[in-house]
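The structure appears right after this line, and notes come after that.
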Amino acid sequence: MSKLTLLASKMTLGKDLGPERDYGERGRIRKAFSVFGSNLKNMLAINLMLDVFALPLIVMFIFLMPMYEQNQIAEAGYSFSGFLGIGYGLVDDTVAGINMIYGIRSDFFLYFFTPGLMILSIGLAGAYHCIRNYYWGVEVKVLKHFFRGIKLHWWKFLITFTYLGLVGTSAACGTIELIRLMSTVGSANAGIWVWSICSLLLGLLSMMFAAVFLPTSISFRFGYKDQIKNSCISAIIMFLLALMLTVILVAPMFLIMVNIVKYIVYIAMITVGAGLYITLNVAFGNFCNDLLVNQMYEYEQEQAAKNAQMQRKQQLKEAAKAQRANPKKGKKR
């Protein structure tokens, strides 16, 4: 038995809440885009409802943070570009401007990123519930199922995104501090490098876990610990696929660093982009669970039924053998 097979044997097995379907179906990505495209109008509605919960993050990081940076630079009288982090004035102004800007960004992440994700997580519980049903081909009433998803899953999403927020805050603050030191001093000590790299690595692994856990948490009636255990095992077994999905979903976010393109990314995410991300994540989560949990559960049930049938046959044989050995047993005198 291989190590991965041994690891898979430790999973909690059971059938998900979805309807009967072909667990070995192919073309999951194609199906995800098909589901998204055929329900585009409703996806837009779900995305807009999700925007209400994303509003604190949108306001803080898209509007307030850049405005606050520019105002602080203007009040200080620095000849400095607030967005790019490149100084155009005197050296002293440039260094002071860099320190001010990265200090502001670090403070915004420190104080607002985790609380913003916690609020967003409530809306994500509803959005995932709706899009899961679309993917399974189940009838969806957007408003009703959105709030049903919140009622059923809010606490699991809240715990998950609180953790992701704390890890993300650490990664953001560590990276910002590293960039600040490299820009002003030209070097950073080992502690800053270790902090930044370890936080980014932990953030990547955490997102890979979340890519499996989020669709799993809305698909099974397992206990919370069992869902975490199954998701960790699935993420390890499907490591390369989980890594590829995480990189593909995260990579476009780096486009916000480009002045012109960032507004296109913002508009896309606010309108339909978040719905597409969730649909792809649900497709990946269903693929992992169908391949591992559902099929292993069905195989286990089939084996149990075969063993029960064999036991019944064996009992009948033994009863027939006993009857032949004592033909008068059980007869009336």
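The values are calculated or read from the model by the stated rules, or taken from the named source; none is laboratory data. These numbers come from a predicted model, not from an experiment. No Cβ is skipped: glycine too gets one built from the backbone with ideal geometry, and neighbour counts run over all protein chains shown. When the accessible area is computed, the model is the full protein with side chains, heavy atoms only, and any ligands, DNA or RNA have been set aside. Shrake-Rupley method; radii C 1.70, N 1.55, O 1.52, S 1.80 Å.
Can you say whether F239 is within 15 Å of the chain's Cα centre (by Cα) and surrounded by fewer than 16 Cβ atoms within 10 Å (Cβ to Cβ), as far as the supplied structure shows?
Judged against the criteria, F239 is a match.
Just a yes or no: is a residue in segment 242-253 open to solvent by less than 50 Å² (accessible area, probe 1.4 Å), farther than 24 Å from T175 by Cβ and not acidic (D, E)?
No, segment 242-253 contains no residue that is open to solvent by less than 50 Å² (accessible area, probe 1.4 Å), farther than 24 Å from T175 by Cβ and not acidic (D, E).
Would you mind telling me which numbered condition in (1) under 28 Å from K31 (Cβ atoms); (2) open to solvent by 40 Å² or more (accessible area, probe 1.4 Å); (3) of a type in the set (D, E, K, R) D290 fails?
Of the numbered conditions (1) under 28 Å from K31 (Cβ atoms); (2) open to solvent by 40 Å² or more (accessible area, probe 1.4 Å); (3) of a type in the set (D, E, K, R), the odd one out for D290 is (2).
Is it true that some residue in segment 131-138 is open to solvent by 40 Å² or more (accessible area, probe 1.4 Å), among the β-branched types (V, I, T) and either under 26 Å from E20 (Cβ atoms) or outside any helix (DSSP H, G or I) (or both)?
yes
Restricting to segment 259-277, and then to whatever is of a type in the set (A, V, I, L, M) and open to solvent by 70 Å² or more (accessible area, probe 1.4 Å), can you tell me which residue is nearest to M11 (Cα to Cα)?
Once the filter is applied, the top-ranked residue is I267.
Of all residues in segment 218-274, how many are in contact (Cβ under 8 Å) with a residue 40 or more places away in the chain and among the charged types (D, E, K, R)?
3
From I150, I179, I197, I192, grab the single residue that is touching a residue at least 60 places away in the same chain (Cβ under 8 Å) and among the β-branched types (V, I, T).
Being touching a residue at least 60 places away in the same chain (Cβ under 8 Å) and among the β-branched types (V, I, T) holds for just one of I150, I179, I197, I192, which is I179.
I'd like to know if segment 25-42 contains one or more residues that are modelled with pLDDT under 95 and either within 24 Å of I179 (Cβ to Cβ) or of a type in the set (S, T, Y) (or both).
Scanning segment 25-42, I find no residue that is modelled with pLDDT under 95 and either within 24 Å of I179 (Cβ to Cβ) or of a type in the set (S, T, Y) (or both), so the answer is no.
Looking at segment 3-51 only, could you name the residues that are open to solvent by 60 Å² or more (accessible area, probe 1.4 Å) and not in a helix (DSSP H, G or I)?
Within segment 3-51, S9, K10, K15, L17, E20, D22, R26 qualify.
Select from segment 71-89 the residues that are part of a helix (DSSP H, G or I) and within 28 Å of M118 (Cβ to Cβ) and write down the one among them that is modelled with the lowest pLDDT.
Among residues in segment 71-89 that are part of a helix (DSSP H, G or I) and within 28 Å of M118 (Cβ to Cβ), the one modelled with the lowest pLDDT is Q72.
If you check F220 against the conditions, is it of a type in the set (F, W, Y), assigned to a helix (DSSP H, G or I) and surrounded by 19 or more Cβ atoms within 10 Å (Cβ to Cβ)?
Considered against the rule, which asks whether it is of a type in the set (F, W, Y), assigned to a helix (DSSP H, G or I) and surrounded by 19 or more Cβ atoms within 10 Å (Cβ to Cβ), F220 comes out as no.
Search segment 191-207 for residues being of a type in the set (A, V, I, L, M) and in contact with a helix residue (DSSP H, G or I) (Cβ under 7 Å, 6 or more places away or on another chain), and hand back the single one that is least open to solvent (accessible area, probe 1.4 Å).
Checked segment 191-207; the qualifying residue least open to solvent (accessible area, probe 1.4 Å) is I192.
When segment 213-230 is examined, which residues are found to be of a type outside the set (D, E, K, R) and within 12 Å of L7 (Cα to Cα)?
Matches in segment 213-230: N230 only.
What residue, among those in segment 171-190 that are open to solvent by 30 Å² or more (accessible area, probe 1.4 Å) and hydrophobic (A, V, I, L, M, F, W, C), is farthest from the chain's Cα centre (by Cα)?
V185
Whether any residue in segment 301-319 is open to solvent by 40 Å² or more (accessible area, probe 1.4 Å) and within 21 Å of Q227 (Cβ to Cβ) is what I want to check.
yes
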